[in-house]
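Got a structure for you, written out below as structure tokens; questions coming shortly.
We did not get these values from a lab; they are worked out from the coordinates using the rules stated. What you are looking at is a predicted structure, and each value in this text was computed from that prediction instead of being measured.
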Amino acid sequence: KAGVTQTPRYLIKTRGQQVTLSCSPISGHRSVSWYQQTPGQGLQFLFEYFSETQRNKGNFPGRFSGRQFSNSRSEMNVSTLELGDSALYLCASRPGTGGNEQFFGPGTRLTVL
Amino acid sequence: GIQVEQSPPDLILQEGANSTLRCNFSDSVNNLQWFHQNPWGQLINLFYIPSGTKQNGRLSATTVATERYSLLYISSSQTTDSGVYFCAVGDNYGQNFVFGPGTRLSVLP
């Protein structure tokens, strides 16, 4: 079974721009979660999608949004980028029902200049 | 929300030594995982262990849910074990997943 994939792996943007990151979960997994990792704040939960609905949300501003498609693939969007948004963004998938173990993708490293 | 602590924050070992990493959490959980983050940022699943004991080669883990802690044991450490080890827990609703701050392990040859 293929693992969780994320694209792109690296991204450089400038302040004020917007960015879209993509995540494809493990086949059969219906839950996708997003996390931000920074040296100062560690790994923080952004949001979780299950069956195309946002099921849970972390404490991030509205500039961070996401969506999930019918094939369970998910996208995360960050608008009006700030320098502090530079981070490693990790996506995780799990079955969503009957299984809680999360599996992570390789991440997208975003640099905001 | 749930608070997760890990100790020690940093650990330096000589190759071949054993170590114990600890994870304390503040509330009941229905999900607990240990991860190893490699230098490229990938989180590698080590154990899914909301309770009980598991072993995988030189690694083993124990979670005592009633006392709200988990331990990760690394025996006969190798230089490739170096990296950051994270404990992460899920609350009883199974929806929010909280990471600890990690333990940075350095294994010297």
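Mean projection of the alpha-carbon convex hull of the protein assembly as shown over all orientations, in nm²?
For the Cα atoms of the protein assembly as shown, the hull's average projected area reads 12.1 nm².
Pick from B:G57, B:G16, B:G90: which residue has the top mean-square fluctuation in a GNM of chain B where Cα pairs under 10 Å get a spring?
In the Gaussian network model the winner is B:G57.
Mind checking which aspartates and glutamates have their C-alpha under 20 Å from B:K54, skipping anything on the same chain fewer than 8 residues away?
A:E101, B:E67, B:D81
Treating the Cα atoms of chain B as identical point scatterers in vacuum, please give the log10 of the normalised Debye intensity I(q)/I(0) at q = 0.13, 0.17, 0.19, 0.24 Å⁻¹, two decimals.
These q points yield log10 I(q)/I(0) values of -0.43, -0.73, -0.90, -1.37.
Also: Could you identify which residue out of A:S51, A:S31, A:S93 has the top mean-square fluctuation in a GNM of chain A using Cα springs shorter than 10 Å?
A:S51
Something else about it: Once you've got the GNM for chain B with C-alpha springs shorter than 10 Å, pick whichever of B:L71, B:L21, B:L11 has the biggest mean-square fluctuation.
Of B:L71, B:L21, B:L11, the Gaussian network model singles out B:L11 as fluctuating most.
Whole number please: convex hull volume per residue of the Cα set in chain A, in Å³?
93
Ok, one more. Considering Cα pairs under 8 angstrom that are at least six residues apart, work out the relative contact order of the stretch A:30-77 and quote it in whole percent.
Normalised by residue count, the contact order of the stretch A:30-77 is 31 percent.
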